[in-house]
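Here's the structure we're looking at; comments come further down.
The values are calculated or read from the model by the stated rules, or taken from the named source; none is laboratory data. Bear in mind the structure is a predicted one, so any value in this text is a computation, not a measurement. Positions of Cβ are generated from backbone atoms using ideal geometry, with glycine treated the same way; all protein chains shown enter the neighbour counts.
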Amino acid sequence: MLLVIDVGNTNTVIGVYDTASLRSPEDPEVRTADFGLTNHFRVATNADRTADEHALLLVQLLGMKGLDHLTNLSGVVISSTVPFATQALREMTDSWFQVAPLIIGPGIKSGMPILYDNAKEVGADRIADAVAGRNLYGIPLIVVDFGTATTFDAVNDKGEYLGGAICPGIEISMNALVARAAALRKVELVAPRGVIGRSTVESMQSGALYGFGAQTDGMARRFRDELGPGATVVATGGLATVIAPYCSEIDAVEPWLTLHGLRLLYERNHLGR
């Protein structure tokens, strides 16, 4: 059993892979992001959670699925944008799982040249997304990750990670709007009757769904202008399935793209594949 953990600023996504599914990142048979993914969990990120509390949460989640964490765990790979959580998870795996975790960061072999001015600045999740997207859809590639921030990442036709764009995420944008506008309140992200809202609630829903959809399409077209028209646009992240129906430029939605990328990075670094 391989445990993959993607710690974001808002949510932490945990995946469990069947060890028998691990294989070369270049294997042409690996063509879905959920290949070998037997279980997955999404929990709120809490930077104050201790190593013991992380262990308790994981053991309970795994136990609910009938998984024995002590005898079946063969490896752990962690991507994190929250330093305190990274340290706590490292301590957890050392103390409770007796497994040295693979922490995605500088020095990790990705098999992908990073052309960012400072490669250390690239988020681990963005590299995982790019590696997974290239594995599944080839190059050139654009990955849109709808998380706390909405990120756009570009891989050129040479397989090189070029960089991308970082925009305020959908939820934090809507929360900021509600916080600064006294007459507005939080709304459910469901489709209004039309783009032209007939109420305040519908107007906010239109702005969120059609507005962020238009932002995504506009950025994707600009990225394609630089990468070339053949670039595939892949969406992932917690809100990908919510926003994708309102986009015309997204070619595929892969909710577990980051987990797939972490699995591939584990294989390359720990299994030498």
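Summary table
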item	result
Residue match in the range 67-84 (condition: modelled with pLDDT of 90 or more, among the aliphatic types (A, V, I, L, M) and assigned to a helix (DSSP H, G or I))	no
Residues located in the range 187-209, provided they are in a helix (DSSP H, G or I) and of a type in the set (A, V, I, L, M)	Val201, Met204, Ala208, Leu209
Residue among Val242, Val253 that alone is under 23 Å from Thr148 (Cβ atoms), of a type in the set (A, V, I, L, M, F, W, C) and without any contact (Cβ under 8 Å) to a residue 24 or more places away in the chain	Val253
From the options Gly218, Gly230, residue that is out of contact with any strand residue (DSSP E or B) (no Cβ under 6 Å at 6 or more places or on another chain) and part of a loop (DSSP other than H, G, I, E, B)	Gly230
Hey, Pro113 in contact (Cβ under 8 Å) with a residue 40 or more places away in the chain and surrounded by fewer than 19 Cβ atoms within 10 Å (Cβ to Cβ) or not	yes
Odd one out for Leu184, checked against (1) in a loop (DSSP other than H, G, I, E, B); (2) closer than 23 Å to Asp34 by Cβ	(2)
Evaluation of Pro255 against (1) modelled with pLDDT of 95 or more; (2) under 30 Å from Val76 (Cα atoms) (one fails), failing number	(1)
Filter result (closer than 14 Å to Gly8 by Cβ and polar (S, T, N, Q)) within the range 236-263	Thr236, Thr258
